[in-house]
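Only one structure is covered here, and it is reproduced in the block below.
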Amino acid sequence: MGARCGVATHVLRHWEDAGLLTPTTRVSGRRRYDDSHVARVVMIRRGKAAGLSLARLREMLEAPDGPARRAVLAEQHARLDEQIRQARESQRLLDHALACESPDFTECAHFRALIAELQ
């Protein structure tokens, strides 16, 4: 399953230890997963990419119903929006610094105005 999902087997075992994944059965000591596990691995990977911790992912996956799952995701969505906002502000500074015609962009009045605006 690891190769099928692009995840190393030790990562799958770690997720099992964290309570995120449970193999269907074991055959000759090897874990067996079914198609539902593939979907769960995709959810875990995408959740991690969105900044969810393993604990928050477990909370979301073990939630009793859809509204409870959405509440976890809505909170993370708000955090992600804030991170994106901050990254865009940083990108504005970088864009100016890279395009600035001043010999030293840190001495540029426009750059300093951007810094003041972001404080």
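Values in this text are rule-based calculations from the coordinates and carry no lab data. Bear in mind the structure is a predicted one, so any value in this text is a computation, not a measurement. Backbone-built Cβ (ideal geometry, glycine too); neighbour counts: all protein chains shown.
Looking at Ser28, Ser53, can you tell me which residue is of a type in the set (Ser, Thr, Tyr) and more than 14 Å from the chain's Cα centre (by Cα)? Spell out how you get there, then give the answer.
Working: Ser53 fails: more than 14 Å from the chain's Cα centre (by Cα).
Testing whether each residue is of a type in the set (Ser, Thr, Tyr) and more than 14 Å from the chain's Cα centre (by Cα) leaves just Ser28.
Scanning segment 96-109 for residues that are surrounded by 10 or more Cβ atoms within 10 Å (Cβ to Cβ) and part of a helix (DSSP H, G or I) turns up His96, Ala97, Phe105, Thr106, Glu107. In segment 31-41, of all residues being more than 14 Å from Arg58 (Cα to Cα) and of a type in the set (D, E, K, R), the one that is surrounded by the most Cβ atoms within 10 Å (Cβ to Cβ) corresponds to Arg31.
Residue by residue, here is whether (1) of a type in the set (D, E, K, R); (2) on the phi < 0 side of the Ramachandran plot; (3) outside any loop (DSSP other than H, G, I, E, B) holds:
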residue: Lys48; (1), (2), (3): yes, yes, yes
residue: Leu52; (1), (2), (3): no, yes, no
residue: Arg56; (1), (2), (3): yes, yes, yes
residue: Arg70; (1), (2), (3): yes, yes, yes
residue: Ile84; (1), (2), (3): no, yes, yes
residue: Gln91; (1), (2), (3): no, yes, yes
residue: Leu94; (1), (2), (3): no, yes, yes
residue: Phe111; (1), (2), (3): no, yes, yes
residue: Ala116; (1), (2), (3): no, yes, yes
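Within segment 67-90, is even one residue free of Cβ contacts under 8 Å to residues at least 60 places away in the same chain, over 17 Å from the mean Cα position of the chain (by Cα) and under 27 Å from Glu16 (Cβ atoms)? Taking every residue of segment 67-90 in turn, at least one turns out to be free of Cβ contacts under 8 Å to residues at least 60 places away in the same chain, over 17 Å from the mean Cα position of the chain (by Cα) and under 27 Å from Glu16 (Cβ atoms).
Pairs linking a residue in segment 1-30 that is more than 16 Å from Leu57 (Cβ to Cβ) to a residue that is outside any helix (DSSP H, G or I) and β-branched (Val, Ile, Thr), with Cβ atoms under 9 Å and 6 or more positions apart or on different chains, are Met1/Val7.
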